Amino acid sequence: MPELPEVETIRRELEREAVGKKIKTVEVHGTRTVRRQTKKAFATKLDGAKITSVDRKGKYLLMRLDSGDVLVIHLRMSGQLLRAAAKDPLPKHTHVVITFTVGGQLRFVDPRTFGEMFVTSPDQLTEEVPELAELGFDPVDEAVSWQTFGHLLMAHKMKLKAFLMDQTIIAGLGNIYADEILFAAGLRYDRQTDSLSTQEMRRLYRSVVETLHDAIKYGGSTLADEQYVDLNGKPGEYQEHHKVYDREKLPCFRCRRANISKAKFAGRSTYFCEVCQV
DNA sequence: CGATCTACCTGATGGC
DNA sequence: TGCCATCAGGTAGATC
């Protein structure tokens with residue numbers, strides 16, 4: 001589910017809601033969410049720790065603890081982090097409950113159980129989570145020059161959508177934002193990375209940054225199934241600003257001539273305008 | 001190395 | 001109403 005804008009929205013709320021709080025107890029249900037370490041090791045490392053800061057890299061959330069450890073969270077397709085009071089009824093598929101000494105609970109709810117959480121020390125981070133060390137640059141957190149972006153494009157011979165979604169090149173883009181970015185840039189998903197003019201490279205990079213900032217401004221995207229909600233259970237609003245995603249057969253906002261097309265690319269639905277994207 | 005598929009899961013939806 | 005197939009925001013690992 002969540003891509004960079006949704007994870008960033010949650011990160012900002014956690015910064016306000018969780019930083020400074022001390023963990024009293026940790027409950028883990030089932031075996032899927034905490035799977036890289038035992039539930040006991042997970043809970044022991046969290047017990048009594050205070051959250052000092054919340055970082056994000058791509059779609060990963062990193063909650064730093066005063067013990068020096070870091071709580072790593074990836075929501076994958078259907079994970080939600082929810083703030084709640086201890087007396088609030090537990091939703092179905094609640095896998096982890098963190099209770100603070102003051103200020104309620106943080107809950108991890110995840111129907112499809114692809115998401116995960118674990119605690120480790122910073123020096124073991126790259127060893128235990130190699131994919132984290134492999135992540136490319138974060139386009140919101142660490143902007144690069146368009147020339148650097150251009151070099152990355154030239155260095156990877158592949159189709160544009162595959163390039164945008166490759167977490168080892170750019171961290172944080174998924175299926176929705178890849179399509180929205182390509183529409184904003186006026187480029188087709190199946191263009192080859194090394195076929196872009198200088199102007200197209202600049203336009204693509206600007207679209208990456210602007211689309212993501214815009215989506216964060218509106219609190220991310222929530223689709224019809226309401227799987228993405230923020231810490232307080234509220235949906236985002238950026239779906240109202242989607243130009244192509246989930247708009248098959250609807251008229252293109254830009255050219256007003258073509259209807260949005262839907263294709264399959266790398267097993268994923270891909271939405272685009274045949275006229276505006278070349 | 002890249003491209004493509006499959007698996008991990010539950011739940012919503014649409015066709016019959 | 002039920003049954004079945006398909007699809008869903010992500011990613012790792014196998015295979016070719």
Checklist outcome for this item: At R0 = 30 Å the Cβ-Cβ FRET efficiency linking residue A:259 and residue A:232, nearest 0.05, sits at 0.25
Checklist entry - Based on DSSP H assignment, which helices of chain A show an axial Cα extent of at least 27 Å together with a mean Kyte-Doolittle hydropathy greater than or equal to 0.0? => result none
Next on the checklist: I need the calculated FRET efficiency for the pair residue A:157 and residue A:123, taking r as the beta carbon distance and R₀ as 25 Å, to the nearest 0.05.
Outcome noted: 0.10
Checklist outcome for this item: Karplus-derived 3J(HN,Hα) from phi for the stretch A:253-270 (6.51 cos²θ - 1.76 cosθ + 1.60, θ = phi - 60°), whole Hz, x at Gly and Pro, runs 5, 7, 8, 6, 10, 7, 9, 5, 9, 10, 10, 9, 9, 6, x, 10, 5, 9
Checklist entry - Fully extended, how many nm does the chain gain between residue A:192 and residue A:210 (0.36 nm per residue separation, minus their Cα-Cα distance)? => result 4.3 nm
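All of the numbers you see were taken from the coordinates with simple rules; none came from a lab. Just so you know, these numbers come straight off a predicted model, no measurement behind them. All Cβ positions, glycine included, derive from the backbone under ideal geometry; neighbour counts span all protein chains shown.
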